[in-house]
Structures are given as C-alpha cells and as structure tokens.
1. Those residues that are of a type in the set (D, E, K, R) and surrounded by fewer than 21 Cβ atoms within 10 Å (Cβ to Cβ), I need them from the stretch B:156-165; list them, please.
2. Of all residues in the stretch A:10-61, which are farther than 27 Å from B:His138 by Cβ, among the small types (Gly, Ala, Ser) and near DNA strand D (Cβ under 7 Å from one of its atoms)?
3. Based on what the data block shows, is A:Leu122 away from DNA strand D (no atom under 16 Å from the Cβ), assigned to a helix (DSSP H, G or I), more than 9 Å from chain B (Cβ to nearest Cβ) and not charged (D, E, K, R)?
4. If you check A:Val21 against the conditions, is it at pLDDT 95 or above and within 14 Å of another protein chain (Cβ to nearest Cβ)?
5. Go through the stretch A:1-20 and report how many residues are part of a helix (DSSP H, G or I) and either more than 8 Å from DNA strand C (Cβ to nearest atom) or of a type in the set (Gly, Ala, Ser) (or both).
6. Select from the stretch A:289-327 the residues that are farther than 30 Å from A:Asn250 by Cβ, open to solvent by less than 80 Å² (accessible area, probe 1.4 Å) and assigned to a loop (DSSP other than H, G, I, E, B) and list them in ascending order.
7. Identify all residues within the stretch B:287-300 that are within 11 Å of chain A (Cβ to nearest Cβ) and in contact with a helix residue (DSSP H, G or I) (Cβ under 6 Å, 6 or more places away or on another chain); write none if there are none.
8. List the pairs whose first member sits in the stretch A:29-42 and is without any contact (Cβ under 8 Å) to a residue 12 or more places away in the chain and closer than 10 Å to A:Val16 by Cβ, whose second member is open to solvent by less than 50 Å² (accessible area, probe 1.4 Å) and more than 7 Å from DNA strand C (Cβ to nearest atom), and whose Cβ atoms are under 9 Å apart, counting only residues at least 6 apart or on separate chains?
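The values are calculated or read from the model by the stated rules, or taken from the named source; none is laboratory data. Being a predicted model, the structure only gives us computed values, none of them experimental. Positions of Cβ are generated from backbone atoms using ideal geometry, with glycine treated the same way; all protein chains shown enter the neighbour counts. SASA here: full protein model, heavy atoms, side chains in, ligands and nucleic acids out. Shrake-Rupley method; radii C 1.70, N 1.55, O 1.52, S 1.80 Å.
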Number of protein chains: 2
Amino acid sequence: MKQKVTIKTIAKELGVSTSTVSKALKDSHEISKETKEKIQAYANHYNYKPNNLALQLRNQKTKLIGVIVPKIVHHFFSTIIKGIEEGASEKGYRIMVCFSDESHTKEVENLKVLSNGSVDGLIVSIANETLESKSIKHFQDLVSEEIPLVLLDRVLDEITCDKVVVDDFGAGYKATKHLLNTGCKRIAIITTPEYVNVGTHRRQGYEKALLERKITVDKKLIVEIDEKQNIKEQIRPVFDNGIDAIFAVNEIYAAKSIRIAKEKSIRIPEELSVVGFTDGLISEYATPSITTIAQHGLTMGKQAVEALINRIENESEKYEAKTIVISSDLKLRESTKPSS
Amino acid sequence: MKQKVTIKTIAKELGVSTSTVSKALKDSHEISKETKEKIQAYANHYNYKPNNLALQLRNQKTKLIGVIVPKIVHHFFSTIIKGIEEGASEKGYRIMVCFSDESHTKEVENLKVLSNGSVDGLIVSIANETLESKSIKHFQDLVSEEIPLVLLDRVLDEITCDKVVVDDFGAGYKATKHLLNTGCKRIAIITTPEYVNVGTHRRQGYEKALLERKITVDKKLIVEIDEKQNIKEQIRPVFDNGIDAIFAVNEIYAAKSIRIAKEKSIRIPEELSVVGFTDGLISEYATPSITTIAQHGLTMGKQAVEALINRIENESEKYEAKTIVISSDLKLRESTKPSS
DNA sequence: TGTTAACACGAAACCGTTTTCGTTAAATTT
DNA sequence: AAATTTAACGAAAACGGTTTCGTGTTAACA
C-alpha cells in the first residue's frame, strides 16, 4: 500500500504543528482563514482521510457492532443480518459479521476476538453445539465485562442479557390449530433434537393445540431429525402411521416431506396438509407453495440492534435485561386446505 | 462498559513499567521468572485481553477484509460470503461485510469508510446503479491509493484490479446448447437489462449457440426484465410466440416462468423446457426441480480472498492485475428433457 | 506608557501496545 | 582490583489522531 498521507505529513510539509492541522481540518475558529485554506487545500489535493483506527482508539468507541450467526446461506439468518445492518446503518453504526458454523469452538474464538475492543457491542445467535453442551463461560465472561450483548433467536436462559426471540410456542400452536381447524386429525411433527430450544418450544405449542382437542400426543408421530444423517430417510417412516398432516419446523423439512408425498402419489393438500416454518423462497416457489409460519427476520434484526445501541449509548442508566418476543404469523398457501 | 484492564493498570498495580508487563506477557527472556509469574497470574486473574485497536494501529495492519456486496438475502451472494469467510479464516483474517443495496451512494460511502485504515483490503461486487452509471471514481481512488482490491462477479473493465468472474458467456452457451440438443427449437431468454454485464454475456452465449445451428435470433424471444415492475407480467407475453424452451438468467425468473406454464397447463419438460441460473434452493426443491447453471459461489469467494491476501502479503512484488474465470456447469434436473 | 484582550498557533498528554535502546547492579573474567 | 558481561528492568518513541492548556504577538484601551 502507498504511504498514506497523515496529519503529520501535512504538518511537516506545511511547516505547522499537528494540532494546527487537526484544528484547521475541523474548521476551528482558532485558526486563521489563510492557514485553514492552505491546509484544507493540501489535504484535499492529497486525498487525506483520517485514520479510523486512531480515532477509534482515542474515542474509545468503534461504532461497530459484532454479529455472530451460525450460518449465512440460510434465508432466515441472512434476513436477520439484513435487518441488523439496516438498523445499525440508520444510527451510524456498521456491522462485522462472523460465522460460528454451529461450532462451539468457532463461536468462542469469534467472541474473544470481537470483544477485545474491536466492537462496541455484540449480537449473537447461539451455535447448536453450544446449545447442546450448554458451556457458556464465554458468554458469562462477556456479561461480567459488561460488554453490551443481545441474543437473537437462539438464546439460553442462563445468560443474562437482552434477547429477541420468536414466539415459537405460539407459532407451533397456531400452525397445529390451523391444521386441526381444516379437518386434520393425525398430525406428525418433524422437529429438531430436543436441545435446540426453538424446536422444543414449537413442539410444546403443537402439543398444547392437540391436548385442547383432547387428542393425545402420539410419540410415533414425532420425528426428531439428526442433521448429520439423511433427512429424507428419517422422515419417510412416519408416513406409515396413517397421517393426514405434517408440521415441519423449517422449510427444508417441509419441502422434503412434500417430495416424499409426491413419490407416494399422495395428493396435497387433499390427502396430506403440510405447514412449514421460516418464510423463505422455497415455500414461496415450491409447487404446491407451502403454508408457513413467517418469522419476520427483518423485524427481529432491527429490534435486536435497537436494543443493543440503546444499551451502548445509555451506559449510565442501570439496566435490566429484557426479552422481546416477536410474534409470528401463518401465511396460508397451497399446501393446506382452505379453512372453513 | 466496565473499565477494561490494560497493560497500564497492571503495571501500576504491580509497580512495574508497561514495557515489563508487555514483555512478561510475551514470555520474554528479559524478564525474571518471578516477575513473569506474578504478572501473568495477575493478567489471568483479571482476564486481561490486549486491545485490538491498539495492536492494529501499531502494526499498521488489521487482518481484516472488507466485503461489499449488493445484497445478502440471496443465495449466490450469501454463498460467496461464506466462501470468502472460509478462505479468510484459514489465513487468520476476519471479514467485515457491508451492503450496497444496489445503490451507488451506499457503495461509495461504504468504500470510503472501509478504506480509512479499517481493513487491509477489499472484495466487492459492484452495485447495479454503479454498473449502470459507470461512475467509478471511488474505485479509481482506491486503486491509486494502492489499497488491495478484488472485484467479484459484478466487475467493470475500466477498473484495474484482480477480478473473479463466472464464465457467463460459456454458461449461456452451454445452457442454450443443451436445450437445442434435447430438441428445442424456439428458445426464449429471460434476461436483465443490458447494463448488467453478466446478463449480457449470458445472452451472447445464447446467441452464439443459436447461430451455430443457423437459427436467427428472434428479438421477440428476448425479454429484458425491469425489476421495478411486476416480473411475471413481463414474462407472460413471450408465451404467445410459440416457444418450446426458456432460458432464464436467474432462478427467480425460471421459477416464475414455470408458474406461468403451470397456469397455462403447459407440461414441463414435455412441452416446455426450462433452464435457470444460480444453483439455489428454489431450483432444488421446486417441482419440477429446475435444471440450472451452477455458479460455484463458494469457489469464487475462496479464489477472491486468496488473490486478495496474496496481494496484501506480497506488497513488494510488482503486481499485474489478473482475472480468474470460474467455469460453471449445467446441473441437469427435471425441467429439461433427457439428452439423447 | 502600561495593561489587557484577542488572535493564532504550538507543546504535550492521551488512547493501548510494542520495541529499541539505555541503565543499573550484580556476577564474572582477567 | 579493575574491566567486562550479563541479567532485569525502565524510558521513550512510535502508530495517527484530538484536545487542553499554554504562550507570544499584536491591537485596543485606560
């Protein structure tokens, strides 16, 4: 890289002190008109730009927000990031995005680096591995250092900080209820392993809706997917239990279920209704298009960043951790029967 | 935020100088065993972490790569970002992601901020607005400051720097040729306005394939989509021209085309073959699944970051701008007829 | 003519770290 | 006993800015 022009070089070239240059560039009244003009002209001509690092070090703030998400090639998470970026941008902040890849180690490492003064605050969605192991020392360190932190979607109760979550319980309830209302009786649920709390909440909503109708929860209709195995093969057996509906906790599971149904020539939604989760492109463009719970990732991102910046900029106020619950709603499409 | 423990505070508490602390923490031989142990114990206990900003300022490098892409809720771009992150991560770099939202103004602003010493180099995919207006002063400034820059996918010849692009021409050719080989005769192309050079190249490939078969290019079969208007309505009229195949330059256009075909009860691929671009989730999960040109975003991201880091770390070598062309290949699925 | 105010600028500290180059005292060599 | 090493540490500069607090000069005023 070329030798950058700094305040020092300008000062030397023009035979003034660095303080004069600094003041002149800020149009301070302390400096005479001629000197200002001379300095500004020089700075302009040589395309002087103040060094960000120096400013951040001096001001003890970076106007930077660290974001750690499990993955990015994923409609929900990329939408969240977009929301965060938009919210941050409005308030003059920029974002630094890192990925944990669902790995605990990478999450810890990212957290360490970002919390070394690189950012003013952090927004993170916890990796599956961490969720499973519940080893959260890295978060507790953060909290005890009082570095502003907001947890998003994938949260853990044990961590005391602001949180933004989907009303997963309500969403599971809504989805199941809709299936029941359109005449379905044996509803299978394709969900995640129990440690992924979002999956668990959705399943509890599902169970509540069933119990309200005095339908007992049939364990044979509950499929917990292990993502390391072939997903389709794990779903397939549940079709042998005389089901008339499937509630999938994400759109991939929903799409795979529909594939299986087609292979078996089961008509959708006449013989089998399907509800997915996450309002991504698949659901919109699949045939039949898939009825889903829309998650409002954009809103979540914006809320998270708003809470975070609020925390960053009002350090003095004593603060209490709050949880923002974003309600999600059902987007009716072709994979379920019209409600009567 | 809590008062951070710095080298200074340690020095003061322990009655030594900052230099001693710094050396002790690096396990320097200059410091006696007892002093080292004392300092390290203290640092450990109070969870001392060196301040990144200070280090970056001192070392004159940030180990940070700036990434500017037009959007993120997009399979291709998010895949690229993943590729960049993986490649960067391997070499000990982190990434700072910004979005231009296809806006020239935002692109300029992002470029300005990032090039103020915040990052060691930049990878950018140019915004549509910039592509259209060709106002590239911000890039030229970057180049003249010799800040390492790699352009990705959306490039402009006028900018002298390393580039990583898809073989769009070859891809368009391959796609069209495949349609011709499977018996299609009247092939429509759904493309972008002319200023988006990737669209143009794909179209030129399309035209070459046709001309090879002595088929004259029929302008009525070329649809240039204006994304500000309703896409489906812009595609619909082309169905009245007796077509038997559609080559869409992205998967949204392909999916919309298939929708229209279904509404008109046109069977795919028997009556209409469809080829898309970008191997996203839609193509995989749609029914019928869509034959596409797979773009290898991951590879592109990795190549870009490799070129960039190479440039960053070998400043001395005189360097010549090179362009890396990533060839893309056809992924056969259900929306085209089996080739004979 | 002496005092004061305004003007224009510079010196120096600071943000947190590293690193070079002393410096002092003890240990070793002659 | 004098000279030289060596061990263990500190002072200070440097990275690139900002900001507080002088300070010297000139002009205005009593």
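1. Our first condition is that a residue be of a type in the set (D, E, K, R); within the stretch B:156-165, this holds for B:157-158, B:162-163.
Listed by number, the residues that qualify are B:Asp157, B:Glu158.
2. A:Ser19
3. no
4. On the way: at pLDDT 95 or above: yes; within 14 Å of another protein chain (Cβ to nearest Cβ): no.
So A:Val21 does not fit the description; no.
5. Within the stretch A:1-20, the first condition is being part of a helix (DSSP H, G or I), and the residues that meet it are A:7-14, A:18-20.
Right, trim to either more than 8 Å from DNA strand C (Cβ to nearest atom) or of a type in the set (Gly, Ala, Ser) (or both) and you get A:7-14, A:19.
Number satisfying all stated conditions: 9.
6. Listed by number, the list holds a single entry, A:Asn314.
7. Listed by number, the residues that qualify are B:Ile290, B:Gly297, B:Leu298.
8. Sorted first by the residue in the stretch A:29-42, then by its partner, the pairs are A:Ile31/A:Ala24; A:Ile31/A:Ile39.
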